[in-house]
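The values are calculated or read from the model by the stated rules, or taken from the named source; none is laboratory data. Not measured: the values here are computed from a predicted model. Every residue, glycine among them, receives a Cβ derived from its backbone with ideal geometry; neighbour counts consider all protein chains shown.
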Amino acid sequence: MNRPLYVALERALFIATLLLVPICLYSLFMVVPMEEKMGVVQRIFYFHVPAAFSAFLGVAVCALFSALYLWKRERRHDLIAHAGAELGVLFCTIVLLTGPIWARPVWGVWWTGEVRLTSTLVLWLIYVGYLVLRQNAENREQAARWSAVVAIIGALDMPIIYKSVEWWRGLHPKVLKMSGGGGLDPAMERTLLLCTTTFFLLFFYLLIQRVRAGRLQDEVEDLLHRARQAHAAGAPTPTTGADA
Amino acid sequence: MILPDIASTGGALTALLQAAGVPDAVAGAVDPAQVARGFRFLTAAYTVVWVILAIYIMSLSVRLRRLSQQVRRLKERLGI
(Lines give C-alpha, C1' and ligand atoms only; values in the text may rest on other atoms or scores of the structure.)
Protein backbone atom coordinates (compact mmCIF):
# COMPACT_ATOMS: atom_id res chain seq x y z
CA MET A 1 0.00 0.00 0.00
CA ASN A 2 1.39 3.46 -0.78
CA ARG A 3 2.46 5.56 2.20
CA PRO A 4 -0.09 8.48 2.11
CA LEU A 5 -3.00 6.03 1.76
CA TYR A 6 -1.62 3.95 4.63
CA VAL A 7 -1.32 7.02 6.89
CA ALA A 8 -4.82 8.19 5.91
CA LEU A 9 -6.26 4.75 6.73
CA GLU A 10 -4.50 4.74 10.09
CA ARG A 11 -5.81 8.22 10.95
CA ALA A 12 -9.32 7.32 9.79
CA LEU A 13 -9.32 4.22 12.02
CA PHE A 14 -8.10 6.25 14.99
CA ILE A 15 -10.67 9.05 14.52
CA ALA A 16 -13.53 6.62 13.87
CA THR A 17 -12.66 4.69 17.05
CA LEU A 18 -12.48 7.89 19.10
CA LEU A 19 -15.85 9.04 17.75
CA LEU A 20 -17.55 5.69 18.28
CA VAL A 21 -16.46 5.17 21.92
CA PRO A 22 -18.75 7.88 23.42
CA ILE A 23 -21.60 6.79 21.11
CA CYS A 24 -21.18 3.21 22.41
CA LEU A 25 -21.17 4.38 26.02
CA TYR A 26 -24.26 6.50 25.44
CA SER A 27 -26.02 3.65 23.70
CA LEU A 28 -25.26 1.01 26.30
CA PHE A 29 -26.10 3.19 29.31
CA MET A 30 -28.98 5.23 27.91
CA VAL A 31 -30.56 3.32 25.03
CA VAL A 32 -30.53 -0.43 25.70
CA PRO A 33 -33.30 -1.73 27.94
CA MET A 34 -32.47 -3.32 31.27
CA GLU A 35 -32.21 -7.10 31.09
CA GLU A 36 -34.96 -8.43 33.34
CA LYS A 37 -33.17 -11.28 35.14
CA MET A 38 -29.60 -10.03 35.43
CA GLY A 39 -30.31 -6.31 35.75
CA VAL A 40 -27.61 -3.68 35.23
CA VAL A 41 -24.69 -6.16 35.38
CA GLN A 42 -25.79 -7.58 32.00
CA ARG A 43 -24.29 -4.43 30.41
CA ILE A 44 -20.87 -6.09 30.75
CA PHE A 45 -22.09 -8.09 27.73
CA TYR A 46 -21.46 -5.09 25.41
CA PHE A 47 -17.71 -5.16 26.14
CA HIS A 48 -17.29 -8.85 26.93
CA VAL A 49 -18.71 -10.18 23.65
CA PRO A 50 -16.97 -7.65 21.31
CA ALA A 51 -13.71 -8.40 23.15
CA ALA A 52 -14.30 -12.12 22.50
CA PHE A 53 -14.94 -11.43 18.79
CA SER A 54 -11.76 -9.32 18.66
CA ALA A 55 -9.77 -12.08 20.36
CA PHE A 56 -11.08 -14.52 17.71
CA LEU A 57 -10.13 -12.02 15.01
CA GLY A 58 -6.60 -11.77 16.43
CA VAL A 59 -6.23 -15.54 16.51
CA ALA A 60 -7.67 -15.88 12.99
CA VAL A 61 -5.31 -13.20 11.63
CA CYS A 62 -2.39 -14.91 13.36
CA ALA A 63 -3.28 -18.38 12.04
CA LEU A 64 -3.96 -17.14 8.50
CA PHE A 65 -0.72 -15.17 8.22
CA SER A 66 1.23 -17.97 9.91
CA ALA A 67 -0.01 -20.36 7.21
CA LEU A 68 0.94 -17.78 4.56
CA TYR A 69 4.38 -17.45 6.15
CA LEU A 70 4.94 -21.22 6.10
CA TRP A 71 3.91 -21.26 2.46
CA LYS A 72 5.71 -18.19 1.09
CA ARG A 73 8.33 -17.48 3.80
CA GLU A 74 7.78 -13.72 3.56
CA ARG A 75 8.80 -11.69 6.62
CA ARG A 76 5.76 -9.35 6.39
CA HIS A 77 3.40 -12.30 6.91
CA ASP A 78 5.23 -13.24 10.11
CA LEU A 79 5.05 -9.64 11.36
CA ILE A 80 1.27 -9.55 10.87
CA ALA A 81 0.89 -12.99 12.50
CA HIS A 82 2.90 -11.84 15.53
CA ALA A 83 0.81 -8.66 15.84
CA GLY A 84 -2.41 -10.70 15.55
CA ALA A 85 -1.27 -13.06 18.32
CA GLU A 86 -0.41 -10.19 20.66
CA LEU A 87 -3.80 -8.55 20.08
CA GLY A 88 -5.53 -11.92 20.44
CA VAL A 89 -3.93 -12.31 23.87
CA LEU A 90 -4.84 -8.72 24.78
CA PHE A 91 -8.53 -9.12 23.96
CA CYS A 92 -8.68 -12.67 25.35
CA THR A 93 -7.33 -11.28 28.65
CA ILE A 94 -10.21 -8.80 28.68
CA VAL A 95 -12.68 -11.65 28.04
CA LEU A 96 -11.18 -13.80 30.80
CA LEU A 97 -11.30 -10.96 33.33
CA THR A 98 -14.71 -9.49 32.50
CA GLY A 99 -16.31 -12.97 32.29
CA PRO A 100 -15.78 -13.86 35.97
CA ILE A 101 -16.85 -10.35 37.06
CA TRP A 102 -20.11 -10.97 35.21
CA ALA A 103 -20.39 -14.58 36.42
CA ARG A 104 -20.04 -13.80 40.14
CA PRO A 105 -23.34 -11.91 40.61
CA VAL A 106 -25.23 -14.02 38.05
CA TRP A 107 -23.98 -17.59 38.65
CA GLY A 108 -22.75 -17.07 42.21
CA VAL A 109 -19.21 -18.20 41.33
CA TRP A 110 -16.20 -16.48 39.72
CA TRP A 111 -15.21 -19.50 37.66
CA THR A 112 -16.45 -23.01 36.85
CA GLY A 113 -14.94 -25.86 34.87
CA GLU A 114 -17.47 -25.16 32.09
CA VAL A 115 -16.24 -26.02 28.57
CA ARG A 116 -16.47 -22.55 27.06
CA LEU A 117 -14.56 -20.98 29.94
CA THR A 118 -11.93 -23.70 30.03
CA SER A 119 -11.40 -23.75 26.26
CA THR A 120 -11.07 -19.94 26.24
CA LEU A 121 -8.44 -20.18 29.00
CA VAL A 122 -6.65 -22.87 26.94
CA LEU A 123 -6.67 -20.55 23.89
CA TRP A 124 -5.16 -17.75 26.00
CA LEU A 125 -2.47 -20.10 27.35
CA ILE A 126 -1.60 -21.35 23.84
CA TYR A 127 -1.11 -17.82 22.53
CA VAL A 128 0.80 -16.68 25.61
CA GLY A 129 2.98 -19.73 24.89
CA TYR A 130 3.29 -18.50 21.28
CA LEU A 131 4.63 -15.13 22.50
CA VAL A 132 7.01 -16.77 24.99
CA LEU A 133 8.26 -19.14 22.29
CA ARG A 134 9.09 -16.22 20.00
CA GLN A 135 11.03 -14.52 22.79
CA ASN A 136 13.12 -17.61 23.42
CA ALA A 137 13.86 -18.72 19.85
CA GLU A 138 17.49 -18.64 18.71
CA ASN A 139 16.89 -16.49 15.66
CA ARG A 140 14.19 -14.65 13.73
CA GLU A 141 13.62 -17.43 11.21
CA GLN A 142 13.31 -20.13 13.87
CA ALA A 143 10.91 -17.95 15.91
CA ALA A 144 8.72 -17.38 12.85
CA ARG A 145 8.65 -21.04 11.79
CA TRP A 146 8.00 -22.61 15.20
CA SER A 147 5.46 -20.03 16.30
CA ALA A 148 3.58 -20.36 12.98
CA VAL A 149 3.03 -24.06 13.71
CA VAL A 150 1.83 -23.25 17.27
CA ALA A 151 -0.53 -20.57 15.90
CA ILE A 152 -2.17 -22.93 13.42
CA ILE A 153 -2.61 -25.70 16.00
CA GLY A 154 -3.85 -23.17 18.60
CA ALA A 155 -6.48 -21.81 16.21
CA LEU A 156 -8.14 -25.24 16.20
CA ASP A 157 -9.42 -24.32 19.67
CA MET A 158 -11.58 -21.53 18.17
CA PRO A 159 -14.37 -23.73 16.74
CA ILE A 160 -14.41 -25.68 20.03
CA ILE A 161 -14.97 -22.43 21.97
CA TYR A 162 -17.59 -21.26 19.51
CA LYS A 163 -19.55 -24.54 19.39
CA SER A 164 -19.04 -25.51 23.05
CA VAL A 165 -22.39 -24.08 24.18
CA GLU A 166 -24.13 -26.24 21.56
CA TRP A 167 -22.07 -29.41 22.03
CA TRP A 168 -22.06 -29.43 25.82
CA ARG A 169 -24.72 -28.14 28.17
CA GLY A 170 -23.21 -25.63 30.56
CA LEU A 171 -23.86 -22.43 32.45
CA HIS A 172 -22.67 -20.14 29.66
CA PRO A 173 -25.74 -18.69 27.92
CA LYS A 174 -26.57 -19.09 24.25
CA VAL A 175 -27.61 -15.56 23.45
CA LEU A 176 -26.91 -14.91 19.80
CA LYS A 177 -29.12 -16.52 17.17
CA MET A 178 -26.06 -17.77 15.30
CA SER A 179 -25.03 -19.72 18.43
CA GLY A 180 -28.46 -21.28 18.70
CA GLY A 181 -29.77 -18.75 21.22
CA GLY A 182 -33.09 -16.95 21.27
CA GLY A 183 -31.73 -13.66 19.94
CA LEU A 184 -31.66 -10.19 21.45
CA ASP A 185 -33.91 -7.19 21.77
CA PRO A 186 -33.38 -5.01 18.63
CA ALA A 187 -31.87 -2.16 20.70
CA MET A 188 -29.50 -4.62 22.37
CA GLU A 189 -28.57 -6.08 18.99
CA ARG A 190 -27.83 -2.63 17.53
CA THR A 191 -25.70 -1.68 20.55
CA LEU A 192 -23.82 -4.96 20.37
CA LEU A 193 -23.16 -4.34 16.66
CA LEU A 194 -21.98 -0.79 17.41
CA CYS A 195 -19.65 -1.95 20.21
CA THR A 196 -18.30 -4.79 18.06
CA THR A 197 -17.60 -2.36 15.21
CA THR A 198 -15.75 -0.06 17.64
CA PHE A 199 -13.67 -2.94 18.98
CA PHE A 200 -12.82 -4.09 15.44
CA LEU A 201 -11.75 -0.57 14.42
CA LEU A 202 -9.56 -0.38 17.52
CA PHE A 203 -8.22 -3.85 16.70
CA PHE A 204 -7.17 -2.84 13.17
CA TYR A 205 -5.67 0.43 14.39
CA LEU A 206 -3.60 -1.43 16.99
CA LEU A 207 -2.69 -4.10 14.42
CA ILE A 208 -1.20 -1.43 12.13
CA GLN A 209 0.73 0.10 15.04
CA ARG A 210 2.00 -3.30 16.21
CA VAL A 211 3.14 -4.27 12.71
CA ARG A 212 4.97 -0.94 12.49
CA ALA A 213 6.71 -1.71 15.81
CA GLY A 214 7.75 -5.10 14.37
CA ARG A 215 9.16 -3.44 11.24
CA LEU A 216 11.12 -0.93 13.32
CA GLN A 217 12.48 -3.76 15.50
CA ASP A 218 13.67 -5.53 12.33
CA GLU A 219 15.25 -2.31 11.11
CA VAL A 220 17.11 -1.86 14.42
CA GLU A 221 18.42 -5.44 14.23
CA ASP A 222 19.49 -5.01 10.59
CA LEU A 223 21.26 -1.71 11.36
CA LEU A 224 23.04 -3.29 14.33
CA HIS A 225 24.11 -6.17 12.09
CA ARG A 226 25.51 -3.69 9.56
CA ALA A 227 27.23 -1.83 12.36
CA ARG A 228 28.88 -5.03 13.58
CA GLN A 229 30.06 -5.78 10.07
CA ALA A 230 31.45 -2.24 9.83
CA HIS A 231 33.15 -2.74 13.20
CA ALA A 232 34.70 -5.97 11.98
CA ALA A 233 36.02 -3.95 9.05
CA GLY A 234 37.61 -1.43 11.46
CA ALA A 235 34.93 1.23 12.16
CA PRO A 236 33.68 1.87 15.78
CA THR A 237 30.55 -0.13 16.79
CA PRO A 238 27.49 2.00 17.57
CA THR A 239 25.20 1.05 20.48
CA THR A 240 21.46 0.54 19.99
CA GLY A 241 20.95 4.17 20.95
CA ALA A 242 18.53 3.13 23.71
CA ASP A 243 21.08 4.05 26.38
CA ALA A 244 21.99 7.37 24.81
CA MET B 1 -13.24 6.62 54.70
CA ILE B 2 -16.95 7.18 54.28
CA LEU B 3 -18.67 4.15 52.81
CA PRO B 4 -21.73 4.99 50.74
CA ASP B 5 -25.02 3.56 51.91
CA ILE B 6 -25.71 0.81 49.38
CA ALA B 7 -29.48 1.06 49.57
CA SER B 8 -29.52 4.84 49.03
CA THR B 9 -26.91 4.56 46.26
CA GLY B 10 -29.07 1.91 44.64
CA GLY B 11 -32.11 4.12 45.00
CA ALA B 12 -30.27 7.01 43.37
CA LEU B 13 -29.09 4.74 40.55
CA THR B 14 -32.61 3.45 40.03
CA ALA B 15 -33.83 7.05 39.87
CA LEU B 16 -31.03 7.83 37.42
CA LEU B 17 -32.09 4.93 35.22
CA GLN B 18 -35.69 6.16 35.31
CA ALA B 19 -34.54 9.69 34.47
CA ALA B 20 -32.51 8.28 31.60
CA GLY B 21 -35.71 6.90 30.12
CA VAL B 22 -35.31 3.29 31.14
CA PRO B 23 -38.90 2.07 31.53
CA ASP B 24 -40.31 2.04 35.09
CA ALA B 25 -41.41 -1.52 34.61
CA VAL B 26 -37.79 -2.50 34.34
CA ALA B 27 -35.77 0.02 36.36
CA GLY B 28 -38.36 0.41 39.11
CA ALA B 29 -38.90 -3.31 39.48
CA VAL B 30 -35.30 -3.88 40.51
CA ASP B 31 -34.33 -3.81 44.17
CA PRO B 32 -32.08 -0.72 44.76
CA ALA B 33 -29.55 -2.81 46.72
CA GLN B 34 -29.38 -5.23 43.80
CA VAL B 35 -28.91 -2.33 41.36
CA ALA B 36 -26.06 -0.95 43.50
CA ARG B 37 -24.42 -4.38 43.65
CA GLY B 38 -24.81 -4.74 39.88
CA PHE B 39 -23.22 -1.32 39.35
CA ARG B 40 -20.23 -2.32 41.48
CA PHE B 41 -19.56 -5.35 39.26
CA LEU B 42 -20.26 -3.31 36.11
CA THR B 43 -17.81 -0.61 37.24
CA ALA B 44 -15.18 -3.25 38.03
CA ALA B 45 -15.57 -4.84 34.58
CA TYR B 46 -15.40 -1.51 32.74
CA THR B 47 -12.38 -0.43 34.80
CA VAL B 48 -10.61 -3.67 33.85
CA VAL B 49 -11.30 -3.07 30.14
CA TRP B 50 -10.11 0.56 30.18
CA VAL B 51 -7.04 -0.13 32.32
CA ILE B 52 -5.90 -3.08 30.15
CA LEU B 53 -6.42 -1.13 26.91
CA ALA B 54 -4.72 1.98 28.33
CA ILE B 55 -1.68 0.00 29.53
CA TYR B 56 -1.33 -1.76 26.16
CA ILE B 57 -1.74 1.43 24.11
CA MET B 58 0.78 3.29 26.31
CA SER B 59 3.31 0.44 26.17
CA LEU B 60 2.94 0.21 22.38
CA SER B 61 3.37 3.95 22.03
CA VAL B 62 6.52 3.91 24.22
CA ARG B 63 7.87 0.93 22.22
CA LEU B 64 7.27 2.76 18.90
CA ARG B 65 8.94 5.95 20.11
CA ARG B 66 11.95 4.06 21.50
CA LEU B 67 12.40 2.05 18.31
CA SER B 68 12.07 5.14 16.09
CA GLN B 69 14.75 6.88 18.16
CA GLN B 70 17.03 3.83 17.95
CA VAL B 71 16.64 3.66 14.16
CA ARG B 72 17.35 7.38 13.80
CA ARG B 73 20.46 7.23 16.05
CA LEU B 74 21.82 4.11 14.38
CA LYS B 75 21.36 5.67 10.94
CA GLU B 76 23.12 8.84 12.08
CA ARG B 77 26.06 6.86 13.49
CA LEU B 78 26.33 4.69 10.41
CA GLY B 79 26.11 7.79 8.23
CA ILE B 80 23.05 6.54 6.34
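Of A:Ser66, A:Ser54, all but one fail to be under 14 Å from A:Leu207 (Cα atoms), under 19 Å from the mean Cα position of the chain (by Cα) and either at the interface with chain B (Cβ under 9 Å from one of its Cβ atoms) or crowded, with 23+ Cβ neighbours inside 10 Å (or both); the exception is A:Ser54.
So, in segment B:8-43, how many residues would count as being at pLDDT 90 or above and crowded, with 18+ Cβ neighbours inside 10 Å?
Within segment B:8-43, residues that are at pLDDT 90 or above and crowded, with 18+ Cβ neighbours inside 10 Å number 2.
Of the residues that make up segment A:38-52, is at least one of a type in the set (D, E, K, R), in a helix (DSSP H, G or I) and farther than 28 Å from A:Leu121 by Cβ? There is no residue in segment A:38-52 that is of a type in the set (D, E, K, R), in a helix (DSSP H, G or I) and farther than 28 Å from A:Leu121 by Cβ. Total residues in segment B:32-47 satisfying the condition of being under 10 Å from A:Gly39 (Cα atoms) and either of a type in the set (Gly, Ala, Ser) or more than 7 Å from every other protein chain (Cβ to nearest Cβ) (or both): the figure is 1. Scan A:Val122, A:Val132, A:Val149 and give me the residue that is β-branched (Val, Ile, Thr), more than 14 Å from chain B (Cβ to nearest Cβ), more than 17 Å from the chain's Cα centre (by Cα) and surrounded by fewer than 16 Cβ atoms within 10 Å (Cβ to Cβ). Only one candidate qualifies: A:Val149.
Residues checked against (1) among the acidic types (Asp, Glu); (2) at the interface with chain B (Cβ under 10 Å from one of its Cβ atoms); (3) under 15 Å from the mean Cα position of the chain (by Cα):
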position: A:Phe14; (1), (2), (3): no, no, no
position: A:Ser27; (1), (2), (3): no, no, no
position: A:Gly39; (1), (2), (3): no, yes, no
position: A:Gln42; (1), (2), (3): no, yes, no
position: A:Leu70; (1), (2), (3): no, no, no
position: A:Asp78; (1), (2), (3): yes, no, no
position: A:Gly88; (1), (2), (3): no, no, yes
position: A:Cys92; (1), (2), (3): no, no, yes
position: A:Pro100; (1), (2), (3): no, yes, no
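Here segment A:1-34 is the region considered, the condition is being outside any helix (DSSP H, G or I) and surrounded by fewer than 18 Cβ atoms within 10 Å (Cβ to Cβ), and the residue that is modelled with the lowest pLDDT is A:Met1.
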